[in-house]
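Report on one structure; see the data block that follows.
None of the figures in this text is laboratory data; all of them are computed from the coordinates on show. Bear in mind that the values here come from a model prediction, so they are computed numbers and not experimental data. Cβ placement follows ideal geometry from the backbone for every residue including glycine, while neighbour counts extend to all protein chains displayed.
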Amino acid sequence: MWFDQFKTPIGLLSVATDDSGLRYVMFENNKYDAPHREDWKRDTSATREAREQLLQYFAGDRTEFNLELNPVGTDFQKQVWRMLAQVPFGDTWSYGQIANKIHSPKAVRAVGAANGRNPIPIILPCHRVIGSNRTLTGFGGGLPTKQWLLEHEGIGQTTFKI
């Protein structure tokens, strides 16, 4: 696994990739740590494309990502993460909407748990998922970071409750 770290408006981010694609985007204070980080090797060339696309996003020059992704999780988690990739820039969906879209309307809590375990935040935009009552809910990078990302995408504070 190769990684790099770089400064962004929301703090230091780490990206990690393997031969099959991007595996992790991590905040300075992640809720869940990636396994075996002590074995990762720093390689800016292996992670260059992910770093550049994220920096373009933060600069306001990118609204979609074009990267090979290789998140590791259960089949259900991967199904939820694929749906996250469909939440448009500048929009939000609720956990219930995602549960309905994956044809599991009663799995709202499981969708929330899978969303919380998303190993590639921002690129798989779990920050765009909010409560059905328009409240910001948990986020691995913290609620202030989630709020910043939503405002960066043009979703103002009047759109959601904190």
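Here are the numbers for the structure shown:
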| quantity | calculated |
| --- | --- |
| Cleavage-rule hits, chymotrypsin sites (Phe, Trp or Tyr not before Pro), the stretch 9-107, DSSP coil, Cβ neighbours within 10 Å at most 16 | 32, 89 |
| Computed over the chain: relative contact order in percent, which uses C-alpha pairs under 8 Å that are six or more apart | 22 percent |
| Lysines whose Cα lies under 17 Å from that of residue 101, excluding same-chain neighbours fewer than 8 positions away | 78 |
| Computed P(r) (all Cα pairs; the stretch 68-162; 10 Å bins; percent) | 17, 55, 26, 2 |
| Volume per residue that the Cα convex hull of the chain spans, once the total is divided by residue count, Å³ | 103 Å³ |
| Label point distance in nm, residue 31-residue 5, each placed 7 Å from Cα along Cα→Cβ | 2.3 nm |
| Extension gain from residue 48 to residue 82, taking 0.36 nm per residue of separation minus the Cα-Cα distance | 9.9 nm |
| Of 52, 38, 68, the one that fluctuates the most in a GNM where the chain has Cα springs shorter than 10 Å | 38 |
| The chain: angle of helix 143-152 to the longest principal axis, Cα-based, in degrees nearest 10 | 90 degrees |
